[in-house]
1. Please find, in a Gaussian network model of the chain (springs between Cα atoms separated by less than 10 Å), the residue of 64, 75, 15 whose mean-square fluctuation is greatest.
2. Run the numbers on the chain and let me know its relative contact order in percent, using alpha-carbon pairs under 8 Å that are six or more apart.
3. Angle between the Cα long axis of helix 2-29 and the longest principal axis of the chain, 0 to 90 degrees, nearest 10?
4. Accessible area of the range 1-86 with a 1.4 Å probe: how many percent of it is carbon plus sulfur?
5. Can you return the aspartates and glutamates within cross-link range of residue 102? Criterion is Cα-Cα under 13 Å, with same-chain partners fewer than 8 residues away left out.
6. Give the angle, between 0 and 90 degrees and rounded to the nearest 10, that separates the Cα long axis of helix 83-98 from the longest principal axis of the Cα atoms of the chain.
7. Give the distance, in whole Å, between the Cα centre of the range 14-36 and the Cα centre of the range 44-71.
8. Given a 1.4 Å probe, how much area per residue of the chain is accessible, in Å²?
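The values are calculated or read from the model by the stated rules, or taken from the named source; none is laboratory data. Everything numeric in this text was worked out from a predicted model, so none of it was measured. All accessible areas refer to the heavy atoms of the entire protein, side chains included, with ligands and DNA or RNA removed. Shrake-Rupley method; radii C 1.70, N 1.55, O 1.52, S 1.80 Å.
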Amino acid sequence: MFLRLAEQHKQFVRDLVMNLQALAIVLERGGYLASCYTCGGQMNSASFMVSLGDNHLIRFLVSDYGITWTEMRDDRELMKLEGAEAINQLQELANLVKYQIKPADYIPVAIKGV
């Protein structure tokens, strides 16, 4: 049972890394500064970053050891999420692509409520 779960987890991480790579490419084509770096060819970890302008940066890290989402503005950490909550936050980035929101038109959720 544990070997099967370990293999499923490895596949999940690989799938997530591939999706992050695709998201970075699509965001770049949409005018955002985005990157996704992996270590080696095994797809078992990645560092994904996207700039939302005005010193607003998202960093998403994934590996066998964990998953984190960190949102920063002016070099200060605004929010840090882990696990499923971090993955759920990726949907907001995917919505930028889905709804074709350009960097100049993007208003972060924290500012919309003000």
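1. 75
2. Averaging sequence separation for qualifying contacts and normalising by length gives 19 percent for the chain.
3. Between the helix axis and the principal axis of the chain, the angle is about 30 degrees.
4. On the range 1-86, the fraction of accessible area on carbon and sulfur atoms equals 55 percent.
5. Qualifying aspartates and glutamates at Cα under 13 Å: 28.
6. Taking Cα atoms only, the helix is inclined about 50 degrees.
7. Centre-to-centre (Cα) distance: 11 Å.
8. On the way: 7540 Å² over 114 residues.
Computed with neighbouring chains in place, this is 66 Å² per residue.
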